[in-house]
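The values are calculated or read from the model by the stated rules, or taken from the named source; none is laboratory data. Since the model is a prediction, treat every value here as computed from it, not as a measurement. Note that we place each Cβ from the backbone using ideal geometry, even for glycine, and neighbour counts take in every protein chain shown.
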Amino acid sequence: MKMLSSRRRLVLALAVIFAVNICLITLMQSVDAATYRQGSSGEVVRQIQTKLKNWGYYSGTVDGIYGSATVAAVKKFQTKNKLTADGVVGTATLNALGISGGTATTTSSSSSNSTQVNLLARLISAEARGEPYDGQVAVGAVVLNRVKHPSFPSTMSGVIYQSGAFSCLDDGQFNEPVADSAYKAARDALNGQDPSGGAIYYFNPATATSKWIWSRPLLIVIGKHRFCS
């Protein structure tokens, strides 16, 4: 009986070890799946190349193949955005690019919140640098109001990177250093402050070229911006 019991314990121990190893292998595969480097290929690589090409970092062909030209472009983007310039697109670089790496990426709620603050702060700084503080918070609130609105993408990165939505992504301001006040404004907006009164649009009358934007109902004027519904 003692020998049989010992064998059972040995079998159980081996089964536990096997299960732990399977879990570790699965975890490692999921982490690797969210990392893109030279030699990678596929739709996400194509998205990376497209973003980098639109912003002037990449001049090669958008072919979904992560070659040396893509590596060089990624390094330039990482350097500009104060990320580790290793030419490898992991979670931090994917977030900066506004690209979802898929369900394989695992982040804690605190790191996710930090990513949201950083992305929103970059947009606020680029769009409202020099504006009153309430105006900076209001710009952040507009982004969040759009996330909740059925006419816009349902994620912050989707709203910010939507084609033609914010001029700062086209004129290079989005890649400029982020003002300290923008981080605080981003946190306040994420915590529910909305000086815009629920606006989903804003514009500067001195620089606006669209006649349509003037048709939007005015909610409030803060600094140089008119906030509209």
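Quick notes on this structure:
- Of everything listed in (1) surrounded by fewer than 15 Cβ atoms within 10 Å (Cβ to Cβ); (2) within 20 Å of the chain's Cα centre (by Cα), the single unmet condition for ALA189 is (1).
- For region 46-78, the set of residues classified as in contact with a strand residue (DSSP E or B) (Cβ under 9 Å, 6 or more places away or on another chain) and among the aliphatic types (A, V, I, L, M) consists of ILE48, ILE65, VAL74, listed by residue number.
- Tally of residues being of a type in the set (Gly, Ala, Ser) and within 13 Å of the chain's Cα centre (by Cα) across region 155-168: 2
Residues checked against (1) modelled with pLDDT of 85 or more; (2) assigned to a helix (DSSP H, G or I):
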site: ALA19; (1), (2): no, yes
site: VAL44; (1), (2): yes, yes
site: SER59; (1), (2): yes, no
site: VAL62; (1), (2): no, no
site: THR79; (1), (2): yes, yes
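- Selection from region 76-100 of residues that are within 12 Å of ILE48 (Cα to Cα) and free of Cβ contacts under 8 Å to residues at least 40 places away in the same chain: PHE77, THR93, ALA96
- Count of region 200-229 residues, restricted to those that are touching a residue at least 12 places away in the same chain (Cβ under 8 Å), aliphatic (A, V, I, L, M) and either within 16 Å of GLU127 (Cα to Cα) or crowded, with 17+ Cβ neighbours inside 10 Å (or both), is 5.
- Filtering GLY197, GLY172 for residues that are closer than 19 Å to LEU97 by Cα and either surrounded by fewer than 21 Cβ atoms within 10 Å (Cβ to Cβ) or among the charged types (D, E, K, R) (or both) leaves a single hit, GLY172.
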